[in-house]
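> Structure provided below as structure tokens; questions to follow.
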Amino acid sequence: MATENKRRTQAERSAESDRQMFEAATQLIVERGPEKTTLTDIGISAGYSRGLAAYRYGTKDVFFSALIAHLHHSWCEELDLTIGDSKGLETVLLAVTALKNYVEARPDELRAMFNLYYYSIDHHSEMTQQLEKIHVSQRKQAIAWAEEAVARKEAHPQVSRERFAEQYCALIFGAIYQWLVSPARVALPELLESCKLSLQAMLQIPES
């Protein structure tokens, strides 16, 4: 029993140190970007040894891959909480509301997550593969929302579900990109609200 308690405590300590390192890495990425963020800096900034992140993850790409998973999980929790049991068009609009809530409550997490997304494009590694999986999952999710909207007669019966999913991702990712480039000029919450009208219109365009 004592051994089990010790193991559980070690697991809890590892989880806590991971959480602290993820938080430290998020701030460092926002401040200086992924390229200039080192595992040594992450360990020290989190209050641990300079070698902890490297010891646990080996390379920066592996650590960043874990951080992407952590941030994506955080976003998915917000999304699931907001959309609840909604269906169809309501889900599409609530998904945008969820992102609006997320950027207002945790803007640094969103900045770090998308900085890592763009950083991973030039690093053909585990990060790139994970990003592709996330994008595939998001497109499948949007397709399902469009199918529900059609079934509930909230969308044109001949709307292309796949095209809607592509446009949904392009619209949302484009809005976030503009905000990342010019945060002082682009009010992302307001821009996301206007995206809702565009998404509703997209659901009314039949496949050509």
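> Would you calculate the separation in nanometres between label points at GLN27 and GLU12, each defined as 7 Å from the Cα along the Cα-to-beta-carbon direction?
Spacing of the two 7 Å Cα→Cβ label points: 2.5 nm.
> Given the convex hull over the Cα atoms of region 93-180, what projected area results after averaging over all orientations, in nm²? If you can, show how the numbers build up before the last one.
Working: hull surface 24.6 nm².
For region 93-180, the mean projected area of the Cα convex hull comes to 6.2 nm².
> Moving on to the next point. Under 22 Å Cα-Cα from LYS140, which lysines qualify once same-chain neighbours fewer than 8 residues away are excluded?
LYS87, LYS100, LYS153, LYS196
> Calculate the dipole size of region 1-58 relative to its Cα centre from +1 charges on Lys and Arg beta carbons and -1 charges on Asp and Glu beta carbons; express the result in debye to the nearest 20.
The calculation lands at about 220 debye.
> Which of GLN200, THR59, GLN138 sits closest to the plus end of the dipole of the chain, meaning its Cα is farthest towards the positive end, when Lys and Arg get +1 and Asp and Glu get -1 on the C-beta?
THR59
> Can you pull the one-decimal nm distance between simple spin-label points at PHE114 and PHE173, each 7 Å off the Cα toward Cβ?
1.2
> Treat each spin label as a single point 7 Å out from the Cα along the C-beta direction, and report the THR38 to VAL186 distance in nm.
3.2
> What number, in percent, do you get for the relative contact order of the chain if the mean sequence gap of Cα pairs under 8 Å and at least 6 apart is divided by its residue count?
This gives 19 percent for the chain.
> Something else: 222 nm [θ] for the chain, helices only, -39500 (n - 2.57) per DSSP H run of 4+, per residue, to 500?
-26500 deg cm²/dmol
> OK, next. Averaging sequence separations of C-alpha pairs under 8 Å and six or more residues apart, then dividing by the length of region 1-58, give the relative contact order as a whole percent.
25
> Extension gain SER198-LYS153, at 0.36 nm per residue separation less the Cα-Cα distance, in nm?
Numbers: separation 45, 0.36 × 45 = 16.20 nm, distance 1.79 nm.
Going from the current span to full extension adds 14.4 nm.
> Rounded to the nearest whole Å³, what is the per residue volume of the convex hull around the Cα atoms of region 61-208? Spell out each step's value before the answer.
On the way: hull volume 15.7 nm³, N = 148.
With only Cα atoms used, region 61-208 gives 106 Å³ per residue.
> To continue, here is another question. Please report, to two decimal places, log10 I(q)/I(0) for region 135-184 at q = 0.29 Å⁻¹ as given by the Debye formula with identical point scatterers on the Cα atoms and no solvent.
Summing over Cα pairs of region 135-184 leads to -1.00.
> Roughly how many Å is it from the Cα centre of region 96-127 to that of region 178-208, as a whole number?
17
> Per 10 Å bin from zero, what fraction in whole % of the C-alpha pairs of region 1-139 is there, up to the bin with the longest pair?
With 10 Å bins starting at 0, P(r) equals 11, 36, 31, 17, 5, 0.
> Another one. For region 1-58, what is the convex hull (Cα atoms) projected area averaged across all directions, in square nanometres?
Working: hull surface 16.0 nm².
If you wrap the Cα atoms of region 1-58 in a convex hull and average its projections, you get 4.0 nm².
Every number here is computed from the coordinates shown, using simple stated rules; none is lab data. From a predicted model like this one, the values you see are computed outputs, not experimental measurements. Counting neighbours? That spans all protein chains shown, and the Cβs are built from the backbone with ideal geometry, glycine included.
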